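Written out below as structure tokens is the structure these notes cover.
Nothing in this text is a laboratory measurement; each read-out follows from the coordinates by a stated rule. These numbers come from a predicted model, not from an experiment. Every residue, glycine as well, gets a Cβ built from its backbone with ideal geometry; the counts of neighbours run over all protein chains shown.
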Amino acid sequence: MTSPFDRRLMVLSVFSVLLLAVTGYLGLRYYEQTRLLEQNRLQTDRYQQDVLTLRIDLQTLLSAESSQLAQLALQAQQLASQAQQLALYRQVLAPDGGAELLLAQEDIIVLAEPGLFAYRLVLLQPTQTRHRVTGEARLTVRALQNGQSVAFTDEMLGVSPVTLDFRHFQVLTGQLRLPADSQAQTLELQLKLNNKASRTLSLNWPVSDNT
């Protein structure tokens, strides 16, 4: 017959075994959960690294494409400019009998400030001659203002007269400012030539919006 002490000892032994088993099970579960969490963290890190690499590759491709497009646009602009220069040189080297003076190129560009424009004009003598063209050129813009036709002189436009001295061509560049509430229609280049009759060359204003 077992004594109460022996029964307590047996119960404690069984409890210890059960506690040890539960502790081992919980420890194993904790280890498994820790291992899974570490695996998930590593996978997340790899995924983030892959995403970062893809973003860098995409940015590199977009940057390269943008650079190529910019280069193509620049090349197209250069080709257009070269074509204009070639046409200009052909006119310069043309046989005698052409116009005495003409505007070979006309560029008027709208600037950021309202009413302000940049201009580039090429005055050409398209004949083979040794005589130089000398004199003075002044700009005038004919426009509509408040429904009335007006002429803005170079002083009103903020443009200084240009001294002419060339044999084949001369480039006239600068900026002009149109008065408010005006709509330009034509630009005139008034030429006061030495030893020649004065004349006026005109062109239609190429910009529809004067603001």
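Miscellaneous remarks
- Region 116-201 - Debye-derived log10 I(q)/I(0), Cα point model, q = 0.11, 0.15, 0.25 Å⁻¹: -0.34, -0.59, -1.25
- Label-to-label distance for Leu58 and Asn146 is 5.8 nm, based on points extended 7 Å past Cα in the beta-carbon direction.
- With the simple model of a label 7 Å out from the Cα in the direction of the Cβ, Val17 to Arg46 spans 4.4 nm.
- Estimated FRET transfer efficiency (His131, Glu106; beta-carbon r; R0 30 Å; 0.05): 0.80
- Sorting the segments 142-155, 178-191 by their residues' average number of neighbouring beta-carbon atoms within 10 angstrom, most packed first, yields 178-191, 142-155.
- Between Ala180 and Glu32, the distance separating the two model label sites (each 7 Å from Cα on the Cα→Cβ line) works out to 8.3 nm.
- Label zone (Ser160, point 7 Å along Cα-to-C-beta; backbone nitrogen cut-off 19 Å) within region 111-154: 117-121, 135-140, 153-154.
- The length gained on full extension between Glu188 and Thr173, counted as 0.36 nm times the residue separation minus their Cα-Cα distance, comes to 4.0 nm.
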